[in-house]
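First comes the structure, then the notes that go with it.
The values are calculated or read from the model by the stated rules, or taken from the named source; none is laboratory data. As the structure is a prediction and not an experimental result, all values here were calculated from the model. Counting neighbours? That spans all protein chains shown, and the Cβs are built from the backbone with ideal geometry, glycine included.
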Amino acid sequence: MIISEILPNPVGQDSLGEFVQLYNNGSEPVNLNGYYLENSAGKKFFLSGWIGKSEYLVFKKPNLKINIKNQNENISLYNNNGQLVDSLKFYGSAPEGKILIHSQAGIGEFFDLNAAKNLSASVYQNFSNQTVFRQELGGFDLLLMIIGVSFLLSILSLIIISSYEK
């Protein structure tokens, strides 16, 4: 399971637009009882319910009970044993209206929210504090392409940095 994206600095009030999205990249559904999200200030938001295999789960404000800072933030996901499952962080200022998408080593990259909305997600089930999305094939392919390009750019950066160190 990964934190696939966060929106730390929505256009308008942060208290109305911030969200954290999880993605179950495992082969089985996961019982989220006892799992929690934690921000860099140490505030925790406990999860409940289930997330199916290959499904997305979105926690939106005001039901998301942790704040996402607009600068130098790290959101972590812990399992019901308190073990770190994943984290997503950024350094510097979050651009307004851009989502942070999971990239290599848990350091995200910002993308335009409107472009991300074009990922053809359809609402699967709506809970009081969460929405589960099933990704249709076209949008999932686009997401994989974005992750692949991010990975290649990260590798290219490492190669360039390595060549300057020699």
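Annotations
- Residues in the range 49-63 that are loosely packed, with under 13 Cβ neighbours inside 10 Å and modelled with pLDDT of 90 or more: Lys53 only.
- Subset of the range 18-34 (residues that are farther than 22 Å from Ser93 by Cβ and either of a type outside the set (A, V, I, L, M) or outside any loop (DSSP other than H, G, I, E, B) (or both)): Leu22, Tyr23, Asn24, Asn25, Gly26, Ser27, Glu28, Pro29, Val30, Asn31, Asn33, Gly34
- Residues located in the range 25-35, provided they are over 14 Å from the mean Cα position of the chain (by Cα) and surrounded by fewer than 19 Cβ atoms within 10 Å (Cβ to Cβ): Gly26, Ser27, Glu28, Pro29, Asn31, Asn33, Gly34
Results for (1) at pLDDT 90 or above; (2) over 18 Å from Ser40 (Cβ atoms); (3) not in a strand (DSSP E or B), shown as yes or no for each residue.
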| position | (1), (2), (3) |
| --- | --- |
| Glu73 | yes, no, no |
| Leu77 | yes, no, no |
| Asn81 | yes, yes, yes |
| Tyr91 | no, no, no |
| Leu100 | no, no, no |
| Ala105 | no, no, yes |
| Phe111 | no, yes, no |
| Ala116 | no, yes, yes |
| Gln125 | no, yes, no |
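- If you check Gly52, Gly34, Gly12 for being of a type in the set (Gly, Ala, Ser), in contact (Cβ under 8 Å) with a residue 60 or more places away in the chain and out of contact with any helix residue (DSSP H, G or I) (no Cβ under 9 Å at 6 or more places or on another chain), only one passes: Gly52.
- Counting only residues that are assigned to a loop (DSSP other than H, G, I, E, B) and either closer than 19 Å to Asn24 by Cβ or in contact with a Pro (Cβ under 7 Å, 6 or more places away or on another chain) (or both), the range 35-68 holds 9 of them.
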